[in-house]
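Following: one structure in structure tokens, then a few remarks.
The values are calculated or read from the model by the stated rules, or taken from the named source; none is laboratory data. In this text the structure is predicted, and so the values were computed from the model without any measurement. Neighbour counts run over all protein chains shown; Cβ positions are idealised from the backbone, glycine included. Ligands, DNA and RNA are excluded from the accessible area calculation, which covers all protein heavy atoms including side chains. Shrake-Rupley method; radii C 1.70, N 1.55, O 1.52, S 1.80 Å.
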Amino acid sequence: MKQKELTDLSLEELWQLFPIILTPHQDCWSDWYEEEAGMLQREIPGIRRISHIGSTAIQGIWAKPTVDMLVEVDKEKPLADFKDKIEKCGYICMAERGNRLDFNKGYTLQGFAERVFHLHLRYVGDNDELYFRDYIQKDATAAKEYERLKLDLWKRYEHDRDAYTLYKSDFIKHYTEIGKQLFPDKYKEA
């Protein structure tokens, strides 16, 4: 009998196998990002910018031990041209929505690997996450507010990633807009 693949699992099975887990900030996350970003730059020509985003990029707050990366490419190149190359680097494409592709690495049928990555492939300029990250890094009060929100949502939505993400979205949108005002045009072009 053929063993199941991750892509064969239902959303409910995936959420049970990969629950929301939060841990105190780990210094190794920035090292993991640097190593992975370096490998991607070497293996995939045409990347304009790779950025460490998400909570693991914010010093001192609890986070899912998953390193989120935003990979930006030129608008003239179809995102599909990058898909196979990213998959050859050990990633699984989890979602394709218009001009956005999302990949995971470090998910196994036994649960999370030691190092887990989410890669968000976008065109240059589709990078609101950078404004949010920069603002939260600058404002320690907002960072602690974000941490409290995440800790409050954690156990309630431990097995429902969509709800966990949804209930953070207003907070993220609010501080993203403040970040855009504070850092206008900082990330318009790589």
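The alpha-carbon atoms of the chain, seen along their principal axes, cover 56, 42, 30 angstrom, with the largest extent given first.
With the Cα gyration tensor of the range 98-185 giving a ≥ b ≥ c as the square roots of its eigenvalues, does the rule (a/c under 1.5 for rounded; else a/b larger than b/c for prolate; else oblate) give rounded, prolate or oblate? Oblate is the answer for the range 98-185, as a/c is 1.5 or above yet b/c matches or exceeds a/b. Working note: 222 nm ellipticity from helices only, DSSP H runs with n ≥ 4, each -39,500 (n - 2.57), summed and divided by the residues of the chain, gives -13500 deg cm²/dmol to the nearest 500. The alpha carbon centroids of the range 135-190 and the range 1-51 are separated by 20 Å. Round to the nearest 0.05 the FRET efficiency obtained for Thr165 and Asp185 when R0 = 22 Å and r is the Cβ-Cβ distance. Approximately 0.20, to the nearest 0.05. Quick check: from the Cα gyration tensor, does the range 30-140 come out rounded (a/c under 1.5), prolate or oblate? It is oblate, given that a/c is not under 1.5 and a/b is not larger than b/c.
With protein chains left intact and a 1.4 Å probe, residues in the chain average 54 Å² of accessible area per residue. Cross-link reach is defined here as a Cα-Cα straight distance under 21 Å, omitting same-chain residues fewer than 8 places apart; for Lys186 the lysines meeting it are Lys75, Lys138, Lys173.
Stretched out straight at 0.36 nm per residue, the stretch from Asp81 to Arg148 would grow longer than its current Cα-Cα span by 20.1 nm.
Sparse packing (at most 15 other Cβ atoms within 10 Å of the Cβ) combined with a DSSP loop state is found for the following GluC sites (Glu not before Pro) in the range 25-79: Glu76.
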